[in-house]
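To start, the structure itself, in structure tokens.
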């Protein structure tokens, strides 16, 4: 009899401990636990951390270590270029001896120096250091991506939230506007807008801000449609009926009770959208319609490969920028996929 009582107490104690441990696992902790279980999510996170350290802290650390080159600093140190011809003759013992003679000797003042101790990835056709320009180009691409995605999300949440909550004619008007923006081909519009900015002779340093506005205007419709669909399914739930009975203002119902329930989908959408924004910026810069020379951008640096000579003989001028674009897009996609799986309540714990 005593043994049975002891066993019941132990079982009850174990059950209590399990319940306490389960209650301490918050939803945020569960999301992080699922996220870090995915190997691809960790790989993507490492990629992004590397890019941010490389782009934002890299120039500071290099300058502290004595690396004197900047984003638009040119190196005009003359270097001697020799053209030689190899010849052979027979030695006294019958062996073949090779030697060379200098046919031509010229002075190269700036063009495309190969990687060396003074220039880790060499210099481009204007004598600017490629390694340091990759860092400044990363600042432009990553900053542009984050600012555009945040602005797109804010605009999409506001319009999508209003359309989903009020419905009727308000929903019809906003959704027809969304349909119009979805039908507009984004890339041709961006090309036309970039040419217009060039014709207006906008300051090159300010052109990136106009580019952010243009990308935001033509990129918010997808977020608005997603938010509207989520709110349509949430506004009839019991907690929304309770907020209506309590007399809360409409603004608080939408942005304090509805929008927070859409945040998991929004975070995933923002993460996946960052890669697309970086590709758009790189495409425009590659076509010389984005960030203008001499300022650095990954797409601008790749555009040097339009020259067949550079494409064939100077891979250090365009391959590193292409590799960084691939790392950035893959990193954001891996993290986005990991967040989508981690925030899915149907996934296994």
One residue from 145, 164 being in a helix (DSSP H, G or I), touching a residue at least 24 places away in the same chain (Cβ under 8 Å) and under 19 Å from residue 264 (Cα atoms):
164
The listed residue being at pLDDT below 80 and either surrounded by 13 or more Cβ atoms within 10 Å (Cβ to Cβ) or more than 18 Å from the chain's Cα centre (by Cα) (or both), out of 215, 266, 211:
211
Hits in the range 223-262 (condition: surrounded by fewer than 12 Cβ atoms within 10 Å (Cβ to Cβ) and within 21 Å of residue 149 (Cα to Cα))
260
Filtering the range 164-173 down to residues that are crowded, with 22+ Cβ neighbours inside 10 Å and modelled with pLDDT of 85 or more yields none
Can you say whether residue 76 is surrounded by fewer than 11 Cβ atoms within 10 Å (Cβ to Cβ) and either at pLDDT 70 or above or within 30 Å of residue 124 (Cβ to Cβ) (or both), as far as the supplied structure shows?
yes
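Yes/no per residue for (1) in a helix (DSSP H, G or I); (2) touching a strand residue (DSSP E or B) at 6+ places or on another chain (Cβ under 7 Å); (3) surrounded by fewer than 13 Cβ atoms within 10 Å (Cβ to Cβ):
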| site | (1), (2), (3) |
| --- | --- |
| 29 | yes, no, yes |
| 44 | yes, no, no |
| 54 | yes, no, no |
| 59 | yes, no, no |
| 67 | no, no, no |
Between a residue in the range 210-237 that is touching a residue at least 24 places away in the same chain (Cβ under 8 Å) and any residue that is surrounded by 24 or more Cβ atoms within 10 Å (Cβ to Cβ) and not in a helix (DSSP H, G or I), which pairs come within a Cβ distance under 7 Å, given they are 6 or more apart or on different chains?
211/290
Within the range 222-239, can one find any residue that is modelled with pLDDT of 75 or more and closer than 21 Å to residue 282 by Cβ?
yes
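The values are calculated or read from the model by the stated rules, or taken from the named source; none is laboratory data. Keep in mind the model is a prediction, meaning the values are calculated, not measured. Neighbour counts are summed over all protein chains in view; Cβ atoms, including those assigned to glycine, are modelled from backbone coordinates with ideal geometry.
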